[in-house]
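One structure below.
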Amino acid sequence: MSNETFMREALALARANIEAGGRPFGAVLVHQGQIVARAVNEIHSTQDPTAHAELQAIRKAAQALGRSRLDGAEIYASGHPCPMCLAAMHLCGIERAWFAYDNDEGEPYGLSTAAVYAQMARAPQQQSLPLHVLKPEGEAGLYQQWRQANPV
C-alpha cells in the first residue's frame, strides 16, 4: 500500500467520525508496511480529552503488537498532530508522521488552539520528528464538512 492509500484511509475514518457526531480526526498506524491500528478522535463518546485519534491508534497498536515501543512505525493523521500527540509519538518511537490538514485550515472552524500551539509546537521543518504534508489530489473540505455537521 502507498502513503496516499494510508492517508486516504485516515481521512475516511475522519469523515465517518463526523457522521457519528465526532470531530474530523482519524489516524492509521502502519508498521512494516501493514496497518496495525485504525482510530478516530473519541472525545465526544468517552469524555476523555486525551482520546485523540493518534493516541488511540498508538494505544491500539501497542496492544496489538504487545509492546509499548513502536520503533519504525508511521502515523497517517487527517489533521496536524497536537503537541500531546507529538510527544506520545516521540515517546513510543514513531519514525514518521504524515498529516493532510494543517492548523491554519482548522482555525476558521474552531479546530485550532493557536495559543497553545504557538507556545508548544514548532514548525514542521523544526521538528526532530519529520512532519510531512500529504493531502491527496482532489481532497478538500474535511473541516467544512465537520462545521456543516456541527453548526455553531
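The values are calculated or read from the model by the stated rules, or taken from the named source; none is laboratory data. Being a predicted model, the structure only gives us computed values, none of them experimental. Because the Cβ atoms are built from the backbone with ideal geometry, glycine has one as well, and the counts that use them run over all protein chains shown. To get the accessible areas, we keep the full protein, side chains included, count just its heavy atoms, and leave off ligands, DNA and RNA. Shrake-Rupley method; radii C 1.70, N 1.55, O 1.52, S 1.80 Å.
Here is the figure for the range 51-83: residues that are out of contact with any helix residue (DSSP H, G or I) (no Cβ under 7 Å at 6 or more places or on another chain), surrounded by 14 or more Cβ atoms within 10 Å (Cβ to Cβ) and not small (G, A, S) total 6.
One residue stands out among those in the range 136-149 that are more than 16 Å from N103 (Cα to Cα) and free of Cβ contacts under 8 Å to residues at least 12 places away in the same chain: the one that is most open to solvent (accessible area, probe 1.4 Å), which is E137.
Name the helices (runs of 4 or more DSSP H) wholly inside the range 65-152 in which the number of residues that are at pLDDT 90 or above and more than 18 Å from G22 (Cα to Cα) is 3 or more.
83-92
Tell me, yes or no, whether the range 28-41 has at least one residue that is assigned to a loop (DSSP other than H, G, I, E, B), closer than 18 Å to L142 by Cβ, modelled with pLDDT of 95 or more and in contact with a Lys or Arg (Cβ under 9 Å, 6 or more places away or on another chain). Within the range 28-41, one or more residues are assigned to a loop (DSSP other than H, G, I, E, B), closer than 18 Å to L142 by Cβ, modelled with pLDDT of 95 or more and in contact with a Lys or Arg (Cβ under 9 Å, 6 or more places away or on another chain).
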